[in-house]
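Encoded as structure tokens, the structure appears first; notes follow it.
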Number of protein chains: 4
Amino acid sequence: MKTAILLSSCPDAKGVVARVTGFLHTYGANLVHADHHADLAEKTSFLRLEWELEGFSLDAESFKAAFSPIATSMGMDWSLRFSSDRPKIGILVSKQDHCLVDLLHRFSISELPGGVAFVAGNHRDAKPLVDHYGIPWIDLPAKAGDDQAKALSESAVLEKASETGVELFVLARYMQVLSGRFLSQSRAPVINIHHSFLPAFKGGRPYHQAWERGVKIVGATAHYVTEDLDEGPIIGQDVVRISHRDTVDDIVRKGRDLEKMVLSRAVRLHLSHRVIRHRNRTIVFE
Amino acid sequence: MKTAILLSSCPDAKGVVARVTGFLHTYGANLVHADHHADLAEKTSFLRLEWELEGFSLDAESFKAAFSPIATSMGMDWSLRFSSDRPKIGILVSKQDHCLVDLLHRFSISELPGGVAFVAGNHRDAKPLVDHYGIPWIDLPAKAGDDQAKALSESAVLEKASETGVELFVLARYMQVLSGRFLSQSRAPVINIHHSFLPAFKGGRPYHQAWERGVKIVGATAHYVTEDLDEGPIIGQDVVRISHRDTVDDIVRKGRDLEKMVLSRAVRLHLSHRVIRHRNRTIVFE
Amino acid sequence: MKTAILLSSCPDAKGVVARVTGFLHTYGANLVHADHHADLAEKTSFLRLEWELEGFSLDAESFKAAFSPIATSMGMDWSLRFSSDRPKIGILVSKQDHCLVDLLHRFSISELPGGVAFVAGNHRDAKPLVDHYGIPWIDLPAKAGDDQAKALSESAVLEKASETGVELFVLARYMQVLSGRFLSQSRAPVINIHHSFLPAFKGGRPYHQAWERGVKIVGATAHYVTEDLDEGPIIGQDVVRISHRDTVDDIVRKGRDLEKMVLSRAVRLHLSHRVIRHRNRTIVFE
Amino acid sequence: MKTAILLSSCPDAKGVVARVTGFLHTYGANLVHADHHADLAEKTSFLRLEWELEGFSLDAESFKAAFSPIATSMGMDWSLRFSSDRPKIGILVSKQDHCLVDLLHRFSISELPGGVAFVAGNHRDAKPLVDHYGIPWIDLPAKAGDDQAKALSESAVLEKASETGVELFVLARYMQVLSGRFLSQSRAPVINIHHSFLPAFKGGRPYHQAWERGVKIVGATAHYVTEDLDEGPIIGQDVVRISHRDTVDDIVRKGRDLEKMVLSRAVRLHLSHRVIRHRNRTIVFE
């Protein structure tokens, strides 16, 4: 079944759902899912509607023409996607490859809707597997403390992304901080996996911090990257129990599984058009 | 904020959401939550709409008059509740009182919306606490294998329920099987907690069965009671890990926490008008 | 089955387990559980041994006489308990009573091994239930910002604790910070429940902080109280998922269940002699 | 740090731990972990001891000579492994490759201690990835209902296993039932992943069964294979929540993650010599 998905937010007002679903009904839409959330504190309405394309009389172009006046009158931000879309993704990676291995397999069996345009890394460990999947690899010169190498790396990524039409960047344990310049020029969201239960243990070596503090649970957090390190809107989190028996190495091992799961779930939610960013928070229509 | 809640199901057709939300908009409803689920296999649409009463121009009576024609034209089953409703609940209990203690506290702090009309038990262990909360207690003669005592017990419960206007029965570890007569005459749903992860370990002594089988996780299941024992529609489930170290007594102890949680959650979901039964399954709008 | 439990820690050395189990064997002990943990980083050995009293030829007094020389030669800290011990507990509470209700029920059905010597509160909301269980109640004048009232409250608690032989204090959502004076004079450990996944959201109103940050999971933490607020050794933690739908009130509601579970588990682990504090961490032999 | 690991079970008797740790101490062992479990119902003692090899004066051969008389006198079953052992594993696979992909990566980064001797499959989908890792591949003719093809397949696997010294077989979603002949001739344990929370939904298409029954949680189970299908001793289980929104395809997708996690954990526990089979249950020293 092919579907269209509308994701929108607007100032809370009476009749938002009625007007939008009424509009869709006019053109023959058969709704499959409707999710609505009114944030009363923020006085904002969020809406995700998914309907069958069969029997629906508008294509993307004519939808825009017909819907824009209504959306504008409600002050609505909106975007439309189709279940058949296969957005291009650019993945950045460093030495550890577990998240990358996991993502590549999920894309390869079409569990994740989209295609990997390239993988860029500042270590070559993962290159043979990327080659195995027939995906272009970009060597990045980035290393800690070298601003020029960082600038060169980011330019290479931006150029390739522009060339291939990348709509999402995924940092699959990429251990370099992206510059503000990259974030402002990339024009595509960036999803990162942080290996702690944010806001606990921000910054470096969070599993070591967790061991030091003697916590009984560790976590991982997938979030959109903003200029404030480790402060971007959180898409998903998960946790795992640890005990006094777990050394830092054990925590790192358990954490790898968390990171893979949390990152791939966040990528899936984003690509299935289920996440709305609103200020520093997310609405996730699961 | 006072709200009204519409819960409905109808054969899947174009325009269900548009028509219902359009109807509500006509009378000034400001939607707070809208949940819609189309079961494509069953060709059925399920809908939960919640809106502010302030500014809404229909009361329960006039809502019925205005909405019934629309609902009928769509073949819709529906019910309307108000967030201010305080439905009456009848609780049945046997010897173990942990679920009862838990429910009584939750009602006492208004975490659960409603009031306990009575507690009926075939053991008196819990009576002092029920007295403490000022709730009527009914002694039940029911005991295993005594059909006459069962009939007397059920009649006593039905009479008291009818007298107090009970809208929901909760079996808080009530260890007697209710008769088909009770279920057909009660005219209110019955929620039970079964101390296993159904459909595993149906029937008696499920924790012993779990220990015997050597499972590493045990569960609890809240479900609506039907004439098929342990086969009614499942509202919620949860699990807890066990290990070779856990004796049957340990499993029973861990199970108590599960049972309390799972039962009270199911009661809350039901009372906040979030559960639709459809054949042998449930739609739970959380 | 009656058992004795030895809990010990000592500098790591060869033969610790052999020497202690050899000693016990000499006097006829039949081991039920043996747990040993060597922290290689800290070069410390932790040991928990539990054995049947039947056939064991030493009582507490003669055990001490016979074991002390061995323990001293290994630089060992140790303590001995019997499964039949029923330690006295003092509970402190403020307005919210869910943790208290939960603890009282668990003690009443002997799920927790021990007896509640008294409940002390700076609000009287919980008094009727405490009366119901026949447990002494102490009114505390403590309120925020009144040092004299705090001093009076703490003295009242210490006096009653000394009089009744309290071996553990439990802060069941007691919202006043205990003074260093109390902690140094109490001579019994104090377990607190903090309503966040420490070290995230230390300090006041952690659920509000969690909502503000937009996290997808919230937690609760049981820890021993030290003079460093929210920094004491963690005994246990647990978490629950939240979503954009959850208001602060919803998070508070979900948090209550977490707090009850996490606190009662920590109290049970402590009372069953399963927790060793070592610097700012705990070894928990589950 | 190199260690030796002793895993043993024997009839419960006084002094088991003392005698074994005393023996090890005699030869200079420094214990790192000691786990002991007495199953009082079964009157059996289970023991796992791990000690540093540095300073220990026995090698495998002389350990056997010195320890056997003691073990025999206690009626003890025992086995000794070294942390440096790298046992050979044979993996069987059918069409779905997610468990295989996961295992191969874990072995490749040495998260799992051992080496993959070969992968045998009755579909060729996974062959290119197996080639990428440089691991031998065996084509199996096995297909449903063809006894001769099954016999040929099993013989091919047994022959290769014997040739390479395989100590463990892993069924990574291998969809053919192994014959009794294979199990009796293989002389190495076989670990299988079943895609349900056993004992619920035995047999075929468990995710479909789960959807039909309307459960709110699905699971996966790793177990040793015996001649009784889906009845072997359970090593580990895990679960994931589902809702009315999840189609069978969604459940299958969520299940894949479960299966990977549960299977790889069971393989790790087995390979780190942490699992004892006892009748139809397992003792898992985590």
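The values are calculated or read from the model by the stated rules, or taken from the named source; none is laboratory data. Here the structure is a predicted model, which is why all the values come from computation and not from measurement. Don't worry about glycine lacking a Cβ; one is built from the backbone with ideal geometry, like all the others, and counts go over all protein chains shown. For the accessible areas, the whole protein counts, side chains as well, though only heavy atoms, and no ligand, DNA or RNA atoms are used. Shrake-Rupley method; radii C 1.70, N 1.55, O 1.52, S 1.80 Å.
What is the percent of Cα-Cα separations in the protein assembly as shown that go past 42 Å? Every Cα pair in the protein assembly as shown considered, those over 42 Å come to 47 percent.
Magnitude of the charge dipole for chain A, about its Cα centre and with charges confined to Cβ atoms of Lys, Arg (+1) and Asp, Glu (-1), is about 420 debye. Between C:Ser62 and C:Glu231, the modelled labels are 4.8 nm apart [label points 7 Å from Cα along Cα→Cβ]. Taking every protein chain into account, the accessible area of chain C amounts to 39 square angstrom per residue (probe 1.4 Å). Comparing mean-square fluctuations of A:Leu24, A:Leu263, A:Leu104 from a GNM of chain A with C-alpha springs under 10 Å, the top value falls on A:Leu24. In the stretch A:1-18, comparing the full protein assembly with the chain on its own, the residues that lose 40 Å² or more of accessible surface at a 1.4 Å probe are A:Lys14, A:Val17, A:Ala18.
Placing a label point 7 Å from the Cα of D:Ser57 along the Cα-to-Cβ direction, the distances to the matching points in the other copies come to 3.0, 9.6, 9.9 nm, shortest first. Largest GNM mean-square fluctuation across A:Ala149, A:Ala220, A:Ala117, computed for chain A with C-alpha springs under 10 Å, falls on A:Ala149. Using a 7 Å projection from Cα along Cα-to-Cβ, the label point at C:Lys95 is separated from the same position in the remaining copies by 4.1, 5.3, 6.1 nm, smallest value first.
The rotation axis taking chain A to chain C passes closest to the C-beta of one chain A residue; that residue and the distance in whole Å read A:Ala200, 2. Adding -39500 (n - 2.57) for every DSSP H run of four residues or longer, then dividing by how many residues the protein assembly as shown holds, sets the calculated 222 nm ellipticity at -11000 deg cm²/dmol. To the nearest 0.05, what FRET efficiency results for B:Lys127 and B:Asp77 with a Förster distance of 25 Å applied to their C-beta separation? For B:Lys127 and B:Asp77, the calculated efficiency is 0.05. Distances between equivalent label points of B:Ala149 across the copies, with each point positioned 7 Å along Cα→Cβ, amount to 5.4, 6.1, 8.1 nm, shortest listed first.
With the cut-off at 1.5 for a/c, could you classify the stretch A:88-284 from its C-alpha gyration tensor as rounded, prolate or oblate? Since a/c stays below 1.5, the shape of the stretch A:88-284 is classed as rounded.
Along the axis of the charge dipole computed for the stretch D:141-232 (Cβ charges of +1 for Lys and Arg, -1 for Asp and Glu, origin at the Cα centre), the listed residues D:Gly214, D:Val157, D:Phe182 are led at the positive end by D:Gly214. Take the alpha-carbon centre of the stretch B:198-222, take the same for the stretch C:178-197, and report the distance between them in whole Å. Here the answer is 40 Å between Cα centres. Taking a straight line from the alpha carbon of B:Lys88, these lysines sit under 29 Å away, with near neighbours fewer than eight places off in the same chain left out: B:Lys2, B:Lys64, B:Lys127, B:Lys143, B:Lys150, B:Lys160, B:Lys260, C:Lys95, C:Lys127, C:Lys254, C:Lys260, D:Lys216.
List, in order, the whole-Hz ³J(HN,Hα) value for each residue of the stretch B:197-202 obtained from phi through the Karplus relation with A = 6.51, B = -1.76, C = 1.60 and θ = phi - 60°; use x for Gly and Pro. Coupling constants for the stretch B:197-202: 7, 4, x, 6, 6, 5 Hz. Here is what passes the span test in chain C: the DSSP H helices with alpha carbon length of 27 Å or more along the helix axis and a Kyte-Doolittle mean of -1.0 or above are C:248-271.
Across peptide A:276-283, the mean count of Cβ atoms from other chains lying within 10 Å of each residue's own Cβ comes to 3.
Averaged over peptide C:27-33, the number of partner chain Cβ atoms lying within 10 Å of each residue's Cβ comes to 5.
Put the Cα centre of the stretch C:70-114 next to the Cα centre of the stretch C:240-271 and the gap is 21 Å. Given a 10 angstrom Cα cut-off, can you work out which residue in A:Ile276, A:Ile217, A:Ile251 is the most mobile in a GNM of chain A? Of the options given, A:Ile217 has the highest mean-square fluctuation.
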